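One structure is given here, and the rest of the page talks about it.
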Amino acid sequence: MTTTFTQLDLLRELEPTVEANLNRHLSMTKEWHPHDYVPWDEGRNFAEMGGVDWDPDQSRLSELAKAAMITNLLTEDNLPSYHREIAASFSLDGAWGTWVNRWTAEENRHGIVMRDYLVVTRAVDPVQLERYRMEHLTNGLDSPLNAAFLPSAAYVTFQELATRLSHRNTGHACADDVAERMLDRIAADENLHMVFYRSLAGAALDLVPDDALEAITEVLINFQMPGLSMPGFRRNAVLLAKHGIYDLRQHLDEVVMPVLRIWNVFERNDFTDAGERARDRLAAYLEDLRRSAERFEESRDRMLAREAARAE
């Protein structure tokens, strides 16, 4: 017989887990400062201060690296929406509130350091970047989670890991030691955040297996990165997938499946019929995702081969 928990019941039951994982996080996280990752000696004034405004020739980044950096930065910029969503889905009381605020403070460093790097090195047009930021934050976050704890915990687990992967691969694409070091530092933060949320969602899966798996299944079937509402997101997402920054294969093999294995989703025996139905839906979705990844890879390989042939 399963026990029914309200959202408030879940928050109360899981607070010891939050506190334990908060303490673990604080013991493992490394203090760092955004200013240490920016090459300030490359900076100079823009026209408003008697200097020269941005010109595309000033950037040393490829078009791919610029698109990836802008996409990643605008994703980080929307932190106010994420904080609001997490605070509503979790709680601002006790250990919950300490975590939500600590996570927000750590995430805020990412946008600070990335913007400083891009502006100081003149890697992208700072005027257009600011216009994008204004538009994206004005759009906010159109969240399907409705401040519900279980889908929110599942979503941020996968999203943090996806963001870690995107930052790391963007660092490689930049072909710039300073950018790669900076993005590796950000990716390390994202990984620790993922571990916290993965532990929390795993504890919820032990407490309410059926409800948690139903939430996980819905989140994965409808998964979208949080930058969906940013200017040019779909165009940039195609470009990033085409060149291996973040694609369906990576999403399946490096984000979704490692987390599901940690949670033992396909080995558990504590589901009722509702949970078994959710697991069947999840298995069918993963098979569809695998086939979609294969089709995308085949199409991408053909397209890249044609582009290489034209370049010869």
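The values are calculated or read from the model by the stated rules, or taken from the named source; none is laboratory data. As the structure is a prediction and not an experimental result, all values here were calculated from the model. Glycine gets a Cβ as well: all are built from the backbone with ideal geometry, and neighbour counts include every protein chain shown. Note: accessible area is taken over every heavy atom of the protein model, side chains too, but ligands, DNA and RNA are not part of it. Shrake-Rupley method; radii C 1.70, N 1.55, O 1.52, S 1.80 Å.
Of note:
- Where the stretch 151-221 is the region considered: accessible area per residue in Å², 1.4 Å probe: 26 Å²
- For the stretch 158-216, the direction-averaged projected area of the alpha-carbon convex hull comes to 3.9 nm².
- A simple packing score, the average count of other Cβ atoms within 10 Å per residue, orders the peptides 242-254, 25-37, 196-208, 148-160 as 148-160, 196-208, 242-254, 25-37, with the highest score first.
- Calculated P(r) of the stretch 1-98 - Cα pairs past 20 Å, %: 67 percent
- For the stretch 29-147, alpha-carbon Rg and Dmax in angstrom: 16.9, 51
- Measuring max minus min along each principal axis, the C-alpha atoms of the stretch 51-115 give extents of 51, 25, 13 Å (largest first).
- Estimated translational diffusion coefficient (Stokes-Einstein, Kirkwood radius over Cα pairs, 37 °C, 0.692 mPa s) of the chain: 157 µm² per second.
- Prolate/oblate/rounded label for the stretch 69-201 (Cα gyration tensor, a/c 1.5): prolate
- Column: log10 I(q)/I(0), Debye, Cα scatterers of the stretch 182-312, q = 0.13, 0.15, 0.17, 0.22 Å⁻¹: -0.69, -0.88, -1.05, -1.37
- Whole-number percent relative contact order across the chain, with pairs defined as alpha carbons under 8 Å at least 6 apart: 22 percent
- Distance between the stretch 56-93 and the stretch 98-115 - C-alpha centres, whole angstrom: 11 Å
- Of Leu61, Thr138, Val208, farthest towards positive along the dipole that unit charges on Lys, Arg, Asp, Glu beta carbons give the chain: Leu61
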